[in-house]
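Data first, discussion second: the structure below is written as C-alpha cells.
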Amino acid sequence: MYRQHYNRRSGKPQSRGSYGGGRSFAGGRRIKTFDPSQVVNLPPRVDDTKEYVVTHQFSDFEISDAIKQNVTGKGYVTPTPIQDQAIPWVLEGRDLIGMANTGTGKTAAFLIPLIEKVLKNRNQRVLIISPTRELAAQTKDELYSFTNGLQIYSALCIGGANMWRQKEDLRRSPNFVIGTPGRLTDHIRSHSLNLNYFESVVLDEADRMVDDGFLPQIKQIISLLPKNRQSLFFSATVNEKVRWILQSFVVNPVTVSVKSGDITANIKQEIVRVSGLGSKTDELIKLLHKNEFEKVLIFGRTKHGVQKLSDNLVERGFKADSIHGNKNQSQRVRTLDKFKKDFIQILIATDVASRGLDIPNVSHVINFDLPESYENYIHRIGRTGRADKKGVALTFVG
C-alpha cells in the first residue's frame, strides 16, 4: 500500500520518490535524486565544436590483413571518430586518454590496435578493466569476432561466474584478460593473476567504476602494474577522483575527445505523473499494451523491485525478463541475448544495463524508478535513439 510521507520540518506531504533535491530510500540507504523537469524536453545544447571529419578507412590502418578481414566481415568500412583518432596513436604505442560517450565505438578503438600488438609479439599480455559484468562480456565477444582464426586467447574474470574455471583460463597465460575490478582483485589475492606481465592496460568507463565504489580496487591494480606499460584510459567525464587515477595511470598521454553531439537529440523525453505504486504499475501496463512499445527497457533501482516487476509483467502475459545483481552471470547473459534477439519484448534492469551495452532497436526506455543523478539519467535514456534512430524516454514521477 502506498503511504504518504511528510517533511519533518514543514509537516507538508512529500513523496518517497520526490525530485528537486529530495531523497528516496533503497535497502535503508538514502539516495539523492534530481528534478527531471530541469532536463526533460529542454532544447538540445548547441555545440560550437566543428564536427570531426573521418580521414581513414579501416583498410588504411597499419594492421595485418587477417585483422582487416575480420573487421570487414563485421561490416566495418569507415571508422567512427573515436576509432579514426585513437587507432593510429595506439598503434604507435602511446598512452591515450579517450573522452567519448558510450556507443561511439571506443571498444574497437582499443581492441583493433592491441590485437595487432599481440600478433607482432605473442608474449604480449593485455588487461582490460570494465565496470560491469555485462560490458566485460560484451568486450570479450567483440574481441572474439576480431580475432577469428588468429589463435589469440582470452580470459573473462567477472563476478557471478565460476572462479575455478577462470583460474584454469588464467593458467593458460591468455593474451587478453578482461574483468571487473572486484573479481580481478579476488584473483590477485588468490595469486591466480600476476599483473607483472601486462604491458598494455585499458581502463574502460573509468568514471562509472569510480561512481560504483571501485576506487580502492583500481588503486591497488594500478599499483601492481609494471611501470613500463602502455595505458589507455576511456571515460565520458572526469571528476576529481577520476583525475587522480589519470595522474597515476598514464604517462605523457595523447588526448582524444570526440564531440558526438547531444545524445538526447534523437530521444523524445516525457514525464509520466503517478500518485502511488499501484497506479504506477497500472500506468506502466497501459503503456506497454500500446503497439508502439515494441522493444522496451525499464529501469528500476533495487534488485528486489526489478524482479518483482518482472514477475508481475510475466504473470500478465508480457514477454519480459530481468537482469540484476542477484542473478548469476549465465542467467544475465541469456536474458540479454533474448532481448537483443527479440525473443522477449521487455527487459527490466537495474543500472547494470545503463552503460556500455549495445542493444539494438530499443524503442522506449522507461525510468520506473528515479535515477540517482543526471549522469545516470543520460546513460539510461541513451539505450534508445541510437545509430541515428528515434527513441522515447519516459520518467515516472510520483
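The values are calculated or read from the model by the stated rules, or taken from the named source; none is laboratory data. Here the structure is a predicted model, which is why all the values come from computation and not from measurement. When we count neighbours, we look across all protein chains shown, and the Cβ atoms used for this are built from the backbone with ideal geometry, even at glycine.
List the number of the failed condition for Asp169; all other conditions in (1) touching a Phe, Trp or Tyr at 6+ places or on another chain (Cβ under 6 Å); (2) in a helix (DSSP H, G or I) hold.
(1)
Looking at Ile218 and the list (1) within 21 Å of the chain's Cα centre (by Cα); (2) assigned to a loop (DSSP other than H, G, I, E, B); (3) surrounded by 15 or more Cβ atoms within 10 Å (Cβ to Cβ), which single condition is not satisfied?
Of the numbered conditions (1) within 21 Å of the chain's Cα centre (by Cα); (2) assigned to a loop (DSSP other than H, G, I, E, B); (3) surrounded by 15 or more Cβ atoms within 10 Å (Cβ to Cβ), the odd one out for Ile218 is (2).
Among the residues in region 109-120, are any modelled with pLDDT of 95 or more and outside any helix (DSSP H, G or I)?
no
When only residues in region 136-165 that are more than 25 Å from Pro113 (Cα to Cα) and over 22 Å from the mean Cα position of the chain (by Cα) count, which is surrounded by the fewest Cβ atoms within 10 Å (Cβ to Cβ)?
The extreme case among them is Trp164.
For His191, only one of the following conditions fails: (1) touching a residue at least 24 places away in the same chain (Cβ under 8 Å); (2) surrounded by fewer than 22 Cβ atoms within 10 Å (Cβ to Cβ). What is its number?
Every listed condition holds for His191 apart from (1).
Name the single residue that is nearest to Ile112 (Cα to Cα) among those in region 50-92 being among the acidic types (Asp, Glu) and assigned to a loop (DSSP other than H, G, I, E, B).
The residue in question is Glu62.
Please identify the pairs in which a residue from region 123-148 that is closer than 17 Å to Ser200 by Cα and not assigned by TED's automatic domain parsing to the domain that holds His187 has its Cβ atom under 9 Å from the Cβ atom of a residue that is aromatic (Phe, Trp, Tyr) and surrounded by fewer than 19 Cβ atoms within 10 Å (Cβ to Cβ), counting only partners at least 6 apart or on another chain.
none
For region 92-108, what are the residues that are on the phi > 0 side of the Ramachandran plot and modelled with pLDDT of 95 or more?
Matches in region 92-108: Gly93 only.
Here are the criteria: (1) buried (at least 21 other Cβ atoms within 10 Å of the Cβ); (2) under 30 Å from Tyr374 (Cα atoms). Tell me which single one Val126 does not satisfy.
(2)
Which one is modelled with the lowest pLDDT among residues in region 208-228 that are touching a Leu at 6+ places or on another chain (Cβ under 9 Å) and under 24 Å from Ala109 (Cα atoms)?
It comes out as Arg208.
Just to be sure before I move on: is Leu96 buried (at least 19 other Cβ atoms within 10 Å of the Cβ), in the same structural domain as Leu232 (by TED's automatic domain parsing) and either out of contact with any Gly (no Cβ under 8 Å at 6 or more places or on another chain) or aliphatic (A, V, I, L, M) (or both) in the structure I sent?
In short, yes.
Hey, does region 346-357 have a residue that's under 17 Å from the mean Cα position of the chain (by Cα) and more than 22 Å from Thr139 (Cβ to Cβ)?
yes
Could you please let me know if Lys74 is surrounded by fewer than 16 Cβ atoms within 10 Å (Cβ to Cβ), under 23 Å from the mean Cα position of the chain (by Cα) and either modelled with pLDDT of 95 or more or not hydrophobic (A, V, I, L, M, F, W, C) (or both)?
Spelling it out, Lys74 is indeed surrounded by fewer than 16 Cβ atoms within 10 Å (Cβ to Cβ), under 23 Å from the mean Cα position of the chain (by Cα) and either modelled with pLDDT of 95 or more or not hydrophobic (A, V, I, L, M, F, W, C) (or both).
Under the condition of being over 16 Å from the mean Cα position of the chain (by Cα) and at pLDDT 90 or above, which residue from region 317-326 is nearest to Gly160 (Cα to Cα)?
Residue satisfying both the conditions and the ranking: Ser322.
Pick out the one residue from Gln345, Gln329 that is over 19 Å from Val274 (Cβ atoms), at pLDDT 85 or above and of a type outside the set (A, V, I, L, M).
That would be Gln345, the only listed residue that is over 19 Å from Val274 (Cβ atoms), at pLDDT 85 or above and of a type outside the set (A, V, I, L, M).
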